[in-house]
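Q: Would you mind keeping the following structure in view while I ask a few things?
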Amino acid sequence: MLSRLRSFWQGLWERSAFEHEMDEELRFHLEARMGDLVRSGLSREEAARRARIEFGGVEAYQDRCREARGLHLVDDLGNDLRHGLRMLAKSPGFTAVAILTLALGIGANTAIFSVVNAVLLRPLPFVHPEQLVQIFQTLPEQGVTDAGVSYPNFTDWSQQSKGFEEIAALRQKTFALTGNGEPSYVDGATVTSSLFPLLGVQPIFGRTFLPADDQADASPVVVLGEGLWRRQFGADPALVGKTILLDKQSFTVVGILPASFRFPFQNPPAQVWIPLLEDLDFKDLFQKRAGHYLNTVVGRLKPGISFERGTAELVTVANRLALTYPDANRGWGVRLVPLQRQLVGDVRIALWALLGAVGLVLLIACANVASVLLARTVVRAREMSIRTALGASRGRLIRQLLTESVVLGGAGGVVGLLVAYWGVRSLAALIPNDIPRIHEFRVDAWVLGFTLLVSLLASFVFGLTPALHSASMDLHDALKEGGRGTGESRKSKNARRVLVAAEVALAVVLLIGAGLLLRSFARLQQVNPGFEPENVLIATLSLPQSQYSKPEHWTAFYDQLLDRLKSQPGVLNAAAALPLPPTGSGFSLGFQIKGQPPQRAGGDYSADYSAISPDYFQTMQIPILRGRFFTVRDTAAAPKVCAISEAFARRYFPNDDPLGKQLIFGYREQVPRQIVAVVGNVKQTSLTAPGGPEMYVPYSQNAWWAMGLVVRTTGDPAAFSTVLREVVGGLDKDLPIADIQPLTQVFHESMAPPRFRTLLLAIFGATALLLATAGIYGVISYDVGQRTHEIGIRMALGAQRSDVLRLGLAEGISPALVGLCVGLAAAWFATRLLSSLLFEVDANDLTTFAAAAVLLAAVAFLACYIPARRAVRIDPMVALRYE
């Protein structure tokens with residue numbers, strides 16, 4: 001193989017030389033013939049024309065000569081590549097360190113870009129995804145921007161808006177699948193028939209829903225996902241047309257959707273879909289226009305209809321509904337958001353911040369390699385001067401040195417790709433599950449192209465400055481310096497100091513960003529959720545309404561279940577609630593205060609709502625500030641009561657005692673409820689959300705079919721999971737139980753997103769600090785080596801060791817301080833981009849800035865001190881003989 005390559009390059013060289021000789025000979029004969037024609041009396045122009053006619057093959061031949069010259073350029077490039085490989089092979093230590101440094105930066109960038117590409121850049125896997133939007137109802141007076149819509153309003157939107165091909169609605173739902181093995185919960189959704197045509201989804205068997213399936217009296221039908229079909233039903237194609245049991249209700253399977261279909265906002269992905277009006281959980285609401293229970297509405301704009309025009313048209317429809325149905329729609333508007341933008345939400349800021357941070361790491365790596373290459377220009381000064389003396393142009397030298405940089409960057413890219421594959425696997429274990437589209441995260445052709453581009457850009461960044469410096473050397477000075485073997489020029493030293501300052505500045509920005517996220521995460525871990533999560537086991541139950549159809553059935557089941565749980569050994573207490581913190585849905589209800597006017601004409605106040613069993617506050621250890629606990633005597637037949645949170649009392653009763661006051665709320669019946677307790681604030685939806693107004697009612701007075709279970713144990717709560725399953729199975733063997741886990745695990749998972757970005761940015765900051773330290777140390781070490789002779793002379797002439805130490809320190813501290821000042825100024829503006837990711841920490845927190853500055857200054861001093869200390873210990877006699 002090597003001999004063939006050698007023959008190929010030799011053939012190119014010989015062909016180039018032959019073509020050059022033939023070109024010169026042809027020109028000689030052409031000019032001779034022109035001279036003869038001019039002497040015969042023709043003008044020079046006419047002579048040139050006739051000569052070209054006589055030599056008719058000249059143009060074609062010149063084309064072949066130009067081609068030969070192009071091949072000669074290819075040959076030059078091959079020579080440059082061979083020379084670059086030889087030079088890198090002569091310095092294996094430098095080459096290995098440079099490649100590993102670049103590989104670290106390129107690999108980290110590739111790994112993070114693979115996430116950014118999957119989540120932010122790759123289009124949604126639907127037909128013409130740019131036409132898809134999500135639609136919300138808004139109430140500007142109360143700052144509501146993302147409310148759902150009622151089914152009657154949704155129907156009017158679909159019928160009256162002409163700028164949309166389709167509008168679809170859905171609700172996420174969990175189904176109890178029974179009658180086919182062990183009972184289990186399956187993630188799914190209730191949808192309108194327009195959803196699948198809107199997204200362009202085709203089933204692999206059967207069909208999707210038809211408009212007739214949207215009728216209230218239609219036969220119950222279901223569409224299954226391919227994953228569930230294969231896992232639970234053995235991929236039986238004959239399943240289409242058969243019935244299955246969902247929530248103890250019979251549904252006919254009409255289609256199977258491909259496994260590649262995943263609707264946004266559903267994680268884990270849905271595997272079961274039924275028509276919206278078949279959802280028994282909300283059958284009482286479908287005729288009520290005032291609700292906002294359809295929390296996901298998507299639309300597809302018609303071709304040629306702009307986003308602005310579609311918004312304006314739907315606003316017109318909303319205004320028309322406000323006039324027609326003022327009690328339900330007065331003050332409510334609509335808002336459209338492109339579906340992909342809504343999907344990524346706040347994740348966009350975090351991912352771009354991480355990509356920017358890892359980009360800074362790569363720049364620091366490039367500055368490090370560029371600094372070393374600049375130092376090598378002194379060693380190669382004589383080589384460059386000889387090449388110049390032999391006729392090499394400045395451009396030729398730059399091309400040669402950039403070719404070497406490309407070789408180095410290419411090798412770094414190849415190794416970086418291996419680092420990226422390892423990084424992708426590591427990220428997969430760290431990335432929170434709630435990041436959208438994370439299942440599409442992989443190294444694909446786009447990521448490989450990004451790696452190639454980054455490698456080339458890195459080669460240019462770290463290779464340009466040394467190449468320009470080497471090519472601009474003064475020939476006379478370079479030959480003299482090379483002959484003496486002495487130090488580098490002042491221009492080269494200044495360039496390396498600038499690079500060190502740049503490294504320090506970039507490292508400061510990264511360290512401060514990492515410090516802010518670390519402080520934010522520490523504050524988040526110190527948040528008081530309002531209850532005690534230790535030794536608590538939680539789970540979720542949903543009673544099928546086909547079997548448990550009335551509120552008294554629900555209450556009786558949960559009363560019996562809680563009594564059995566409390567009697568188990570090792571159980572301190574047990575309760576039920578909907579929703580459960582800290583990841584509750586934040587179920588918001590409107591209410592009025594009896595005896596006070598509404599907040600606005602036709603409007604109510606609003607607060608989060610929870611239905612709880614009597615022992616819930618005791619089980620969760622939520623403190624009662626005033627009043628009494630709920631008791632078993634607060635039944636459906638007893639006077640209606642409620643409890644409120646401290647935040648509720650401060651907002652709506654700032655100057656009054658709320659105990660004894662009455663609230664009117666509820667979606668089933670509007671009845672007054674007396675406030676009997678004020679309890680502590682609870683982080684109901686997340687640890688970062690402020691504790692808002694909260695209302696609690698006894699679940700027996702406003703029963704639900706689905707509830708969360710809370711069991712406080714004396715020991716490890718995870719060990720009680722089996723007992724919980726046995727107790728539930730003893731009441732209903734076909735009833736599955738979901739989400740059994742310790743409450744502390746819920747907290748751990750809820751902090752996964754901030755933990756992920758904090759960990760990565762901390763790693764990038766530490767890497768930046770390490771690279772900057774190596775850069776400073778390298779500059780001082782190289783200076784000490786180059787100035788050994790000078791140091792010997794100074795010490796021989798009486799210089800004190802302290803003077804030499806100060807000289808060495810000044811060489812590194814000066815650019816480090818400059819970089820520190822520039823980095824602090826840059827961080828002051830850059831960290832504002834992190835504001836939305838911080839919790840109770842200001843983006844310009846002075847403590848973090850000061851800590852980062854002190855840390856980097858101390859590390860920079862240490863990196864300067866070690867080589868400077870080595871210079872002090874040099875023997876003057878040895879230094880004077882040093883060459």
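Q: Across the stretch 240-249, what is the number of residues that are surrounded by fewer than 19 Cβ atoms within 10 Å (Cβ to Cβ) and under 23 Å from Arg262 (Cβ atoms)?
A: Of the residues in that region, 1 qualify.
Q: Here's a follow-up. Can you tell me how many residues within the stretch 131-143 are outside any strand (DSSP E or B) and modelled with pLDDT of 90 or more?
A: 1
Q: Collect the residues in the stretch 492-507 that are of a type in the set (Gly, Ala, Ser) and more than 35 Å from the chain's Cα centre (by Cα), keeping them in residue-number order.
A: Quick first cut of the stretch 492-507, residues of a type in the set (Gly, Ala, Ser) only: 492, 495, 501-502, 505, 507.
Those that are of a type in the set (Gly, Ala, Ser) and more than 35 Å from the chain's Cα centre (by Cα): Ser492, Ala495.
Q: Which residue out of Arg673, Arg651 is surrounded by 14 or more Cβ atoms within 10 Å (Cβ to Cβ), in a strand (DSSP E or B) and of a type in the set (Lys, Arg)?
A: It is Arg673.
Q: Tell me which residues, restricted to the stretch 427-462, are part of a loop (DSSP other than H, G, I, E, B) and hydrophobic (A, V, I, L, M, F, W, C).
A: Those that are part of a loop (DSSP other than H, G, I, E, B) and hydrophobic (A, V, I, L, M, F, W, C): Ile431, Ile435, Phe441, Val443.
Q: So, one more: Does Ala852 satisfy the criteria of being at pLDDT 85 or above and either open to solvent by 20 Å² or more (accessible area, probe 1.4 Å) or over 33 Å from the mean Cα position of the chain (by Cα) (or both)?
A: Judged against the criteria, Ala852 is not a match.
Q: Mind listing whichever residues of the stretch 226-272 are of a type in the set (S, T, N, Q), touching a strand residue (DSSP E or B) at 6+ places or on another chain (Cβ under 7 Å) and under 15 Å from Gln172 (Cα atoms)?
A: Across the stretch 226-272, the qualifying residues are Gln266, Gln271.
Q: Condition first: at positive phi and either touching a helix residue (DSSP H, G or I) at 6+ places or on another chain (Cβ under 6 Å) or surrounded by 15 or more Cβ atoms within 10 Å (Cβ to Cβ) (or both). Can you find one or more residues in the stretch 640-647 that meet it?
A: The answer is no; no qualifying residue exists.
Q: Now, a different point. Under the condition of being farther than 19 Å from Trp332 by Cα and hydrophobic (A, V, I, L, M, F, W, C), which residue from the stretch 287-308 is modelled with the highest pLDDT?
A: Residue satisfying both the conditions and the ranking: Leu301.
Q: Determine if the stretch 685-708 includes at least one residue that is among the hydrophobic types (A, V, I, L, M, F, W, C), under 24 Å from the mean Cα position of the chain (by Cα), closer than 30 Å to Tyr605 by Cα and buried (at least 17 other Cβ atoms within 10 Å of the Cβ).
A: Yes, there is a match, as at least one residue in the stretch 685-708 is among the hydrophobic types (A, V, I, L, M, F, W, C), under 24 Å from the mean Cα position of the chain (by Cα), closer than 30 Å to Tyr605 by Cα and buried (at least 17 other Cβ atoms within 10 Å of the Cβ).
Q: Tell me which residues, restricted to the stretch 303-340, are under 21 Å from Leu198 (Cα atoms), open to solvent by 30 Å² or more (accessible area, probe 1.4 Å) and not hydrophobic (A, V, I, L, M, F, W, C).
A: Matches in the stretch 303-340: Pro303, Gly304, Ser306, Glu308, Arg309, Thr311, Glu313, Arg335, Pro338, Gln340.
Q: Among strands (runs of 3 or more DSSP E) lying entirely in the stretch 151-229, which contain 2 or more residues that are under 26 Å from Pro544 (Cβ atoms) and open to solvent by 10 Å² or more (accessible area, probe 1.4 Å)?
A: 164-178, 184-191
Q: While we're on this one: Being at pLDDT below 90 and open to solvent by 30 Å² or more (accessible area, probe 1.4 Å) is true for just one of Asp739, Asp732. Which residue is that?
A: Working: Asp732 fails: open to solvent by 30 Å² or more (accessible area, probe 1.4 Å).
Step by step, each of Asp739, Asp732 is checked, and only Asp739 is at pLDDT below 90 and open to solvent by 30 Å² or more (accessible area, probe 1.4 Å).
Q: Going through the stretch 556-595 one residue at a time, which ones are buried (at least 20 other Cβ atoms within 10 Å of the Cβ), part of a helix (DSSP H, G or I) and not hydrophobic (A, V, I, L, M, F, W, C)?
A: Within the stretch 556-595, Tyr558 is the sole residue that qualifies.
Q: Can you tell me which condition Pro698 does not meet? The list is (1) at pLDDT below 90; (2) in contact with a Phe, Trp or Tyr (Cβ under 8 Å, 6 or more places away or on another chain), and all the others hold.
A: Single failed check for Pro698: (1).
Q: Another question, if that's okay. Scan Ser385, Ser405 and give me the residue that is open to solvent by less than 40 Å² (accessible area, probe 1.4 Å), over 30 Å from Glu141 (Cα atoms), at pLDDT below 75 and polar (S, T, N, Q). Step through it out loud before you land on a result.
A: Numbers: Ser405 fails: at pLDDT below 75.
Ser385 is the lone residue from the list that is open to solvent by less than 40 Å² (accessible area, probe 1.4 Å), over 30 Å from Glu141 (Cα atoms), at pLDDT below 75 and polar (S, T, N, Q).
Q: Would you mind telling me which numbered condition in (1) open to solvent by 60 Å² or more (accessible area, probe 1.4 Å); (2) at pLDDT 90 or above; (3) over 42 Å from the mean Cα position of the chain (by Cα) Leu625 fails?
A: All conditions are met except number (3).
Q: Does any residue of the stretch 273-286 turn out to be under 20 Å from Val144 (Cβ atoms) and touching a strand residue (DSSP E or B) at 6+ places or on another chain (Cβ under 8 Å)?
A: No: zero hits.
Q: Just to be sure before I move on: is Leu820 at pLDDT 85 or above and on the phi < 0 side of the Ramachandran plot in the structure I sent?
A: Yes, satisfied.
Q: For the stretch 507-537, give me each residue that is crowded, with 21+ Cβ neighbours inside 10 Å and touching a strand residue (DSSP E or B) at 6+ places or on another chain (Cβ under 6 Å).
A: Those that are crowded, with 21+ Cβ neighbours inside 10 Å and touching a strand residue (DSSP E or B) at 6+ places or on another chain (Cβ under 6 Å): Val536, Leu537.
The values are calculated or read from the model by the stated rules, or taken from the named source; none is laboratory data. For clarity, every value in this text was computed on a predicted model and none was experimentally measured. Glycine gets a Cβ as well: all are built from the backbone with ideal geometry, and neighbour counts include every protein chain shown. The accessibility values were calculated without ligands, DNA or RNA, using every heavy atom of the protein model including side chains. Shrake-Rupley method; radii C 1.70, N 1.55, O 1.52, S 1.80 Å.
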